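The values are calculated or read from the model by the stated rules, or taken from the named source; none is laboratory data. In this text the structure is predicted, and so the values were computed from the model without any measurement. Neighbour counts are summed over all protein chains in view; Cβ atoms, including those assigned to glycine, are modelled from backbone coordinates with ideal geometry.
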Amino acid sequence: MANGGIIGPVIEPTTATSENLTAFTSNGTFTAQSNQTSATVLLVAGGGGGGPTGPNEAGAGGGGGGGFRVLTAHPIPASSVTVTVGAGGGAASKGNNSTFASDTPISSTAGGKGGGAESGGTDMNGGSGGGKGNLSGGSNPGNPPINSGSGNAGGYSPPEGNQGGNTGAAPLYAGGGGGGAGAVGGDGPAYPNNGGAGTASDVNSPTASPSNTTYAAGGISGRYPAGGGGGAGSSNTGNGGGGANCTIPSGNSGGAGGSGIVVVKETAQAAGASGVWSMAEVYKFENEGTWPT
């Protein structure tokens, strides 16, 4: 193509872009700035709900934190990308995955549910695993056997989370804490600080998470005796729900897991003017103030 005396492609200069942070706390669509081909993506899945107790049972396990992943230089297309933010699991329920559906889709795995006081069941494995439930009197394995949930269900490197904790004996008969992104769930009889620690990230959204940069902590376990239903493991995004405490004669439900988050961090890009340019084009862009210096 002719462009003022030089034969070659017509290539527009690219404009400079600044660092940009886009946070999703619910499902949405991401569109990159111009001149962006990659970004750092933080994915935190929904945390698992804490386990329940029946009448006269010991403490239930805490829910596992949602899977935590940070991918640098992840390719992003010029077209829009569908973003799914995993909701936290309800009481005794697994959380939900978070996904960034680019040309190379990436996900983090939902947190596993906490084990019930006298039941294990499915869905305890996850991004981080749910804590083990504790039978009355502190004996295990129960029927069926109760095991703590395993972490890093997505099989990622580095791991997205950790295993849930085991149970404790007298006098509290606490369940195991849920695994967190930064540590395995704590074992009983420690109570109440035995959910696995979350993980801090500098890919943070002040809008979505005003006072912290730590995500996906495990839920605390329940205990015997006294107390009501389990609460949230922490205030962190993607946390596991707390396991239920025992009350006599009725049982309790565990706490719900926290919703996840997806944050996309685009780095600043300098203006560019690669290619072959005619003097007429340089003069035109200089007059417009769009020729990079």
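Applying the condition of being assigned to a strand (DSSP E or B) and within 13 Å of the chain's Cα centre (by Cα) to region 52-82 and asking which residue is surrounded by the fewest Cβ atoms within 10 Å (Cβ to Cβ) yields Leu71.
Evaluate region 98-120: report whether one residue or more is at pLDDT below 95 and aromatic (Phe, Trp, Tyr). Within region 98-120, not a single residue is at pLDDT below 95 and aromatic (Phe, Trp, Tyr).
Taking into account only those residues within region 156-173 that are under 20 Å from Lys113 (Cβ atoms) and either modelled with pLDDT of 90 or more or among the acidic types (Asp, Glu) (or both), which is surrounded by the most Cβ atoms within 10 Å (Cβ to Cβ)? So, considering only residues that are under 20 Å from Lys113 (Cβ atoms) and either modelled with pLDDT of 90 or more or among the acidic types (Asp, Glu) (or both), the one surrounded by the most Cβ atoms within 10 Å (Cβ to Cβ) is Gly164.
The number of residues in region 194-226 that are crowded, with 18+ Cβ neighbours inside 10 Å, small (Gly, Ala, Ser) and at pLDDT below 80 comes to 2. Restricting to region 149-170, count the residues that are hydrophobic (A, V, I, L, M, F, W, C) and either under 15 Å from Ala217 (Cα atoms) or without any contact (Cβ under 8 Å) to a residue 24 or more places away in the chain (or both). Residues flagged as hydrophobic (A, V, I, L, M, F, W, C) and either under 15 Å from Ala217 (Cα atoms) or without any contact (Cβ under 8 Å) to a residue 24 or more places away in the chain (or both) within region 149-170 amount to 0. Looking only at region 83-93, residues that are of a type in the set (Val, Ile, Thr) and either surrounded by fewer than 16 Cβ atoms within 10 Å (Cβ to Cβ) or within 15 Å of Gly126 (Cα to Cα) (or both) come to 0 in all.
Can you find, within region 87-105, the residue that is farthest from the chain's Cα centre (by Cα) among those that are outside any loop (DSSP other than H, G, I, E, B) and hydroxyl-bearing (Ser, Thr, Tyr)?
Initially, region 87-105 is screened for residues outside any loop (DSSP other than H, G, I, E, B), giving 98-101.
Narrowing the set further to residues that are hydroxyl-bearing (Ser, Thr, Tyr) leaves 98-99.
Values: Ser98: 7, Thr99: 10 Å.
Across region 87-105, the extreme among qualifying residues is Thr99.
Inclusion of Gly178 among residues that are assigned to a loop (DSSP other than H, G, I, E, B) and modelled with pLDDT of 95 or more is not warranted. Take the conditions (1) buried (at least 24 other Cβ atoms within 10 Å of the Cβ); (2) at pLDDT 95 or above; Asn134 misses just one of them, which is (2).
Here is a check on your reading of the model: is Gly49 closer than 19 Å to Pro158 by Cα and in a loop (DSSP other than H, G, I, E, B)? Here the answer is no, as Gly49 does not meet what is asked.
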